[in-house]
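Below: one structure, written as structure tokens.
The values are calculated or read from the model by the stated rules, or taken from the named source; none is laboratory data. The model shown is predicted, which means the values in this text are computed figures rather than measured ones. Here the Cβ positions follow ideal geometry from the backbone for every residue, glycine too, while neighbour counts run over all protein chains shown.
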Amino acid sequence: MGAGLFELRRDAITGWWVATVVDRQFQQERFSLRAEPVDDGGTCQNCSQPPGDGVRVRILKDYAFHVVGTNEEAREMERSLAQVALSQARASGSWRTIVAPPGEHRPLQLVGSGLLSEMLSVARGAIADATRLGQTEYLQVVQNWGAQAGARTNHLCLDLYDLPQIPHRVSEEIGGAARFLIREGECPYCRMARDESRAATRLIWQDEASVAFAPFASRSPFEVWIVPRRHAADFGRAEDADIASTAEALRQVLSRLARLDGPPHNLILHTAPLRERVDATYHWHWEIHPRLREIAGLEVGTGLPVNPVAPEEAVEQLLRHRSEGGSAGPP
């Protein structure tokens, strides 16, 4: 029987636990997976819509969500198990995408930091605009790369989902960060950025503005966080230096992940809600989750993530081939 000793690790922010396999010899072939292209029939709509030669924003759905029921109606539904008719649902939110210039179908790590900075700047502007409008609760920014990660296009893009609710994970992080601040007197993300930079056990890349590392309680193999050193909750107010640093960090980290045969991945921004002020307690950051395995019964049945690669082992593998720029040690 193969090795498989679990080490239970607790996320210091959310309090959630992760089962990490710590006694299995790493076998790269188990985690080498190339992102599969999307079958678009040979026609990429993002190359032509909207018209233009540069970075553009394409509206996919003006209203992407139906909010069914008020709070009182929800309580009534709980009492009677009745359903609100779809005809009575209220439309909310939107689905847009920030698309790279026409013909740009390369993975993120192969394009220049300038283009990435431009796309991140557009995302920053979208969050700032959504905050001013105050019509929804949260603007989620994601990139799905590869068919296995849920991508619907081969075009380089960032999707924007205007949500009528704050994502559960972000809510847990906000609450956990506030409790950590009260208990420890410091933002947990600021502490992680400092401690991971100094210890370098799980550090992948850093510069003066950002730190990229595998979190101690990684939920998935080769999970990476990019955290700015400067404390800020709202990506919509990120400084240009933070944007440039994040773009380079993404390029560096994904270049290292590419040695796993260019895996599919989800890139996710965690930032402050649009209607809540959490400046003192929250800290925006990006998360990269390679899609390298299937979810098994233990995780479905218990909600306990199982990571078959310890983050320390993952970082060791990623740093075997260093790419140019940045540093894997203190700056």
> How many of the residues making up the stretch 264-306 are over 19 Å from the mean Cα position of the chain (by Cα) and not in a loop (DSSP other than H, G, I, E, B)?
Replying inline: 6
>> Checking the condition of a type in the set (Val, Ile, Thr), at pLDDT 95 or above and over 29 Å from Pro264 (Cα atoms), which residue from Ile127, Ile182 passes?
In response: Ile182
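Yes or no, residue by residue, for (1) within 26 Å of Glu172 (Cα to Cα); (2) among the aromatic types (Phe, Trp, Tyr); (3) touching a Phe, Trp or Tyr at 6+ places or on another chain (Cβ under 8 Å):
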position	(1), (2), (3)
Phe235	yes, yes, yes
Thr246	yes, no, yes
Arg259	no, no, no
Arg291	yes, no, no
Gln317	no, no, yes
>> With the requirement that a residue be closer than 15 Å to Thr271 by Cβ and of a type outside the set (A, V, I, L, M, F, W, C), what does the stretch 133-156 give you?
In response: Thr136, Glu137, Tyr138, Gln140, Gln143
>> Here is a check on your reading of the model: is Glu72 charged (D, E, K, R), more than 28 Å from Cys44 (Cα to Cα) and modelled with pLDDT of 60 or more?
In response: yes
> Does the stretch 250-267 contain at least one residue that is at pLDDT 95 or above and closer than 17 Å to Met192 by Cβ?
Replying inline: yes
>> So, Ile174, is that one buried (at least 16 other Cβ atoms within 10 Å of the Cβ), β-branched (Val, Ile, Thr) and more than 15 Å from the chain's Cα centre (by Cα) or not?
In response: yes
>> One residue is enough: does the stretch 128-135 have a residue meeting the conditions touching a Phe, Trp or Tyr at 6+ places or on another chain (Cβ under 8 Å) and surrounded by 19 or more Cβ atoms within 10 Å (Cβ to Cβ)?
In response: no
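Does the stretch 50-58 contain any residue that is within 21 Å of Thr136 (Cβ to Cβ) and either at pLDDT 90 or above or in a loop (DSSP other than H, G, I, E, B) (or both)?
Looking through the stretch 50-58, at least one residue is within 21 Å of Thr136 (Cβ to Cβ) and either at pLDDT 90 or above or in a loop (DSSP other than H, G, I, E, B) (or both).
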> For the stretch 195-207, which residues satisfy the criterion of being surrounded by fewer than 22 Cβ atoms within 10 Å (Cβ to Cβ) and touching a residue at least 12 places away in the same chain (Cβ under 8 Å)?
Replying inline: Ser197, Arg198, Ala200, Thr201, Leu203, Asp207
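Go through the residues of the stretch 89-96 one by one and say whether even a single one is at pLDDT 95 or above, buried (at least 16 other Cβ atoms within 10 Å of the Cβ) and more than 17 Å from Pro164 (Cα to Cα).
Within the stretch 89-96 (the criterion being at pLDDT 95 or above, buried (at least 16 other Cβ atoms within 10 Å of the Cβ) and more than 17 Å from Pro164 (Cα to Cα)), the answer is no, since none of the residues qualifies.
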>> Phe222 - would you say it is of a type in the set (Phe, Trp, Tyr) and surrounded by 22 or more Cβ atoms within 10 Å (Cβ to Cβ)?
In response: yes
>> I'd like the full set of residues that are among the small types (Gly, Ala, Ser) and more than 20 Å from the chain's Cα centre (by Cα), limited to the stretch 99-111.
In response: Gly103
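Could you list all residues from the stretch 228-239 that are touching a residue at least 40 places away in the same chain (Cβ under 8 Å) and over 16 Å from the mean Cα position of the chain (by Cα)?
His231, Ala232, Arg237, Ala238
From the list Thr14, Thr20, which residue is surrounded by 13 or more Cβ atoms within 10 Å (Cβ to Cβ), in a strand (DSSP E or B) and among the polar types (S, T, N, Q)?
On the way: Thr14 fails: in a strand (DSSP E or B).
So the residue among Thr14, Thr20 that is surrounded by 13 or more Cβ atoms within 10 Å (Cβ to Cβ), in a strand (DSSP E or B) and among the polar types (S, T, N, Q) is Thr20.
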> Which pairs do you get when a residue that is among the acidic types (Asp, Glu), found in the stretch 208-227, comes within reach of a residue that is part of a loop (DSSP other than H, G, I, E, B) and surrounded by 24 or more Cβ atoms within 10 Å (Cβ to Cβ), reach meaning Cβ atoms under 7 angstrom, with the pair 6+ apart or on two chains?
Replying inline: Glu223/Ala214
> If the Cβ limit is 6 Å and pairs must be 6+ apart or interchain, which residue in the stretch 14-34 that is without any contact (Cβ under 8 Å) to a residue 60 or more places away in the chain and farther than 14 Å from Gln317 by Cα pairs with which residue that is in a loop (DSSP other than H, G, I, E, B) and of a type outside the set (Ser, Thr, Tyr)?
Replying inline: Asp23/Ala3; Asp23/Leu5
>> Quick check on my filter: what residues within the stretch 1-57 are touching a strand residue (DSSP E or B) at 6+ places or on another chain (Cβ under 6 Å) and under 30 Å from Tyr282 (Cβ atoms)?
In response: Glu7, Leu8, Arg9, Arg10, Trp17, Val18, Ala19, Thr20, Val57
